[in-house]
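Peer 1: Dropping a structure here in structure tokens format, bear with me for questions.
The numbers here are math on the coordinates, done by the rules we state, and not lab data. Note that the structure is predicted; figures quoted are calculated from it, not measured. Note that each Cβ is placed from the backbone with ideal geometry, even for glycine, and that neighbours are counted across all protein chains shown.
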Amino acid sequence: MDENTAFPGASDESKAEYILSNVAEVVERILTFVPTKSLLKMTCVCKLWRNCARRVLRVQQNMTWVSASGPSNCDGHALCPKLADEVENIYILPKTVLVMVDSETFNGQDCCYKQKKARKSHHGPDSIEELNGLFPKGCDIMGVATPGIVLTPTGSHSGAPKEFQEGEAGYAIMFPRMEGVDIRPFHFCKNTISEANLVEAGLVNNTDLRVVLLFGYDAFKPGAARFLNQVLEPLARSKVLIAGGHVENVFSPKRKCCDRGSYGVVGLTLSGPKIQGASVLLEQDVSSAKAAEAIIQRLKAANLPERNTLGFMFACVGRGHNYYNNQRNVEADTFRKVFPNIPLFGFFGNGEIGCDRIVKEDYNLCDMDSDGLQHGYTTVMTLVHLG
């Protein structure tokens, strides 16, 4: 039956109207080309479009990211206007967002954690509110500021990652709701750490837990090391990959549980049977590109799928070009040489957390105590596969 038989005497306009009002397959196909913000508005058109839009959102399960480096032409951090523009055009509905920015130019004075005074003070509360306002209600946003940033340019998995040990830089990794993957944020300070709260956060007695990204703040204050061990000890004994380090401050979400200047940890738990991970430790004696490549090649031997996989690099602020005879971007370039199609993110911080470990179906891993997870003048290089 041709279209003239199906719609006798009908105009092309009325035919199109009928199809867009009644043929779900056509509507759903069209909506796959619509960015998420516009797609959400289209759910108000009619019941058919609402159902089609929901199905489209359910299948858009690949994470995405936005990154930026400065200096910015506006009053806020360089990431804020870039993110505002790009969020209009993304094709996922963010459920969890991990934001990392340089602490030198992002001044979070209104957050509940004390921060060293930034040399540039025109960033801060407005930037924080602007970031939080970009994402839908119910989206979990975790934001940290660190001495340096490692990022991959927006829009390309094969883009060359860059190390920014100074200057304005930041990124936001956006995770949608994914089948078989549960990503949850957590925060503990000395007022909230307890066995019951660790269990509730999914850090203890969670058989589906695969990866923990963990970031400590104010880690060098009296009592902070003992506090951190309360979190790390059960994780060190588990079949879980732990990676992260110590940051300058946490600016999102706002917390009222701890006093200004109190130490604590924040992070993300990644649970689910589809998640796999691997990490290696570049120790203090790794100070050449050749030596770095030999260690990173061990990640390749883990044989993780590269599709829907992220790389993380958590390095000591004392490494980078200072460690490699003024050669810049050594570790990021080496990672890209070994994994040309995996984006790399991370930071230069005040201490590193992690070890050599592989988390797969057969759970090949190295046993490690909590002290063996904490390092200085090292780099933790990590792969996380989201299924």
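Peer 1: Starting from the Cα gyration tensor of segment 182-385, take the square roots of the eigenvalues, sort them a ≥ b ≥ c, and report rounded, prolate or oblate (rounded when a/c is under 1.5, otherwise prolate if a/b is larger than b/c, else oblate). Kindly include the intermediate steps, with their values, before the conclusion.
Peer 2: On the way: a/c = 1.91, a/b = 1.29, b/c = 1.48.
Oblate, because a/c is 1.5 or more while a/b does not exceed b/c.
Peer 1: Whole-Hz Karplus ³J(HN,Hα) for segment 272-284, in order, using 6.51 cos²θ - 1.76 cosθ + 1.60 and θ = phi - 60°, x for Gly and Pro?
Peer 2: Going residue by residue, I get x, x, 7, 7, 10, x, 8, 9, 9, 10, 8, 7, 4 Hz, with x marking Gly and Pro.
Peer 1: Show log10 I(q)/I(0) for segment 187-249 at q = 0.21 Å⁻¹, two decimals, from a solvent-free Debye sum over equal Cα scatterers.
Peer 2: The calculated log intensity ratios at q = 0.21 Å⁻¹ are -0.89.
Peer 1: Fewest Cβ neighbours within 10 Å first, please rank Ser158, Ser252, Ser288, Ser67 accordingly.
Peer 2: On the way: Ser158 11, Ser252 20, Ser288 15, Ser67 27.
Fewest-to-most ranking of Ser158, Ser252, Ser288, Ser67: Ser158, Ser288, Ser252, Ser67.
Peer 1: Here's another thing I want to ask about it. What are the ³J(HN,Hα) values, in whole Hz, obtained from phi via the Karplus relation 6.51 cos²θ - 1.76 cosθ + 1.60 with θ = phi - 60°, for each residue of segment 222-235 in sequence order, with x given for Gly and Pro?
Peer 2: Ordered by residue, 3J(HN,Hα) equals x, x, 5, 5, 5, 4, 4, 4, 4, 8, 6, 4, x, 6 Hz.
Peer 1: Does segment 129-171 come out rounded, prolate or oblate by the C-alpha gyration tensor, with a ≥ b ≥ c the root eigenvalues, rounded set by a/c under 1.5 and, if not, prolate when a/b is larger than b/c and oblate if not? Present the calculation step by step, with values, prior to reporting the outcome.
Peer 2: Working: a/c = 2.88, a/b = 1.51, b/c = 1.90.
Verdict is oblate for segment 129-171.
Peer 1: Between the alpha-carbon centers of segment 183-249 and segment 297-356, tell me the distance in whole angstrom.
Peer 2: 22
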